[in-house]
Amino acid sequence: MSQVQATKKLVVAISSRALFDLSDSHEVFERQGLEAYSQYQIQHENDVLKPGQAFAMVNKLLEINKLLGRECVEVILLSRNSADTGLRVFNSIHHYGLNIVRAAFTGGESPFRYIKPFNSQLFLSADADDVGRALEHGIAAATLLSAGATSESQAQLRFAFDGDAVLFSDEAERIYQAQGLEAFARSEKASAKTPLTGGPFRSFLASLQAIQQEFSESDCPIRTALVTARSAPAHERVILTLRDWGVRIDESLFLGGLDKGMFLKAYGADVFFDDQRSHCDSAAEHVAAGHVPHGISNE
């Protein structure tokens, strides 16, 4: 088996605009510049920020530490704010009781260079450039869409992943885009016993499973789903690949090209990761969605 070794602690790095709704202050920055933005943040630093697209996910991740009685998950704040303007963010973190104690405030520069020193396995941001640079350095990353819905709240944390170019490489997707659906189906059937190579979220999925194994199946606080446009017979290679990796996915939806949004809503995803922006835009009408700008669809 070609299993990925998960690290002992899952570390998630998140930007302030992914964690909180900073749309008002960001609009000040876009229209009036950095100085006006800084003044705005200082003037409002005691005003609690509303939750952003990743807030529910982060809150549920941190709750897992309480269930286990030890820190198996850590969330790091990476922000383009300065420490001065970032005080409002930390005040809001304190207000909501989030156990986030480590942060990097980079004063306008990209914070991606601190992802690896913090040993982060996942980076979530509202800045597509930062996300792209993280992916180039082999880190699972996604751009959380600012517009869209969040799923109905439940105690369990539910992740949903697209397959090709997210959990898996884009090798099959390249055949589909170059030669069409029939050629793709023939290739996948012929290669059914040959495992796909891993995509950018393979290691993150392995880290989630390591946490899942700390719990019984009936009381596990994390649930995972594969939500893919694939259908039979292209499903077999996916199933055998996950088996080869030694990774369990709780639910697998092979939709054969159907729109994913309503299925993600029915599943109750806290966040869905997909490499195709059009799929993310559709999913964001129902759940929080993260665009993974990786693979042939983003070249």
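A short reminder: the numbers here are calculations on the coordinates, not readings from a lab. Given the structure is predicted, the values throughout are model-derived calculations rather than measurements. Cβ atoms come from the backbone with ideal geometry, glycine included; neighbour counts cover every protein chain shown.
Observations
- Length-normalised contact order of the stretch 146-279 in % [C-alpha pairs under 8 Å, at least 6 apart]: 38
- When P(r) over Cα pairs in 5 Å bins from 0, in percent is calculated for this entry, the matching label among (1) 1, 5, 12, 16, 18, 17, 13, 8, 5, 3, 1, 0, 0; (2) 1, 5, 10, 13, 15, 15, 13, 9, 6, 4, 3, 2, 2, 1, 0, 0; (3) 1, 5, 8, 10, 10, 8, 6, 5, 4, 4, 4, 4, 3, 3, 3, 3, 3, 3, 3, 3, 2, 2, 1, 1, 0, 0, 0, 0 is (1).
- Potential lengthening between Glu299 and Asp250 on full extension [0.36 nm per residue; Cα-Cα distance subtracted]: 14.5 nm
- Two-site FRET efficiency, Leu181 against Met262, from Cβ-Cβ distance with R₀ of 30 Å, rounded to 0.05: 0.85
- The chain: most fluctuating residue of Arg31, Arg223, Arg17 per GNM, C-alpha cutoff 10 Å: Arg31
- Cβ-Cβ distance of Thr197 and Lys9, R₀ of 25 Å, FRET efficiency by 1/(1 + (r/R0)^6): the value works out to about 0.45.
- In the elastic network of the chain, a GNM with C-alpha springs shorter than 10 Å, the most mobile of Ile64, Ile42, Ile76 is Ile42.
- Counting only DSSP beta bridges whose two residues both lie in the chain, roughly 10 percent are antiparallel.
- Under 26 Å from Lys50, Cα to Cα: lysines that are on another chain or at least 8 residues apart: Lys60, Lys66, Lys265
- Amide H contacts of Asp275 (H built 1.01 Å from N, under 5 Å, at least 5 apart or other chain): Val292
- Think of each Lys and Arg Cβ as +1 and each Asp and Glu Cβ as -1; about the Cα centre, that makes the dipole of the stretch 224-268 roughly 40 debye.
- Within a Gaussian network of the chain (alpha carbon springs, distance under 10 Å), most fluctuating of Gly33, Gly107, Gly198: Gly33
- Restricting the GluC sites (Glu not before Pro) of the stretch 195-260 to loop positions (DSSP other than H, G, I, E, B) with no more than 13 neighbouring Cβ atoms within 10 Å leaves nothing.
- Candidate lysines - alpha carbon under 21 Å from Lys116, same-chain residues fewer than 8 apart omitted: Lys8, Lys9
- Neighbourhood charge, 12 Å Cβ-Cβ cut-off, centred on Asp47 and excluding it, Lys, Arg +1 and Asp, Glu -1: -1
- Each residue of the stretch 231-246 was assigned a 3J(HN,Hα) from its phi angle through the Karplus expression (A = 6.51, B = -1.76, C = 1.60, θ = phi - 60°), giving 9, 4, x, 6, 6, 4, 5, 5, 4, 5, 5, 4, 5, 5, 6, x Hz with x at Gly and Pro.
- The shape of the stretch 136-219 can be summarised by an equivalent ellipsoid whose semi-axes, obtained from the alpha carbon gyration tensor, come to 29, 18, 14 Å from longest to shortest.
- Under 12 Å, Cβ to Cβ, from Val11 - net charge with Lys/Arg +1 and Asp/Glu -1: +2
- Ranking Ala172, Ala210, Thr194 by how far each Cα lies toward the positive end of the dipole of the stretch 153-211 (charges on Cβ) leaves Ala210 at the top.
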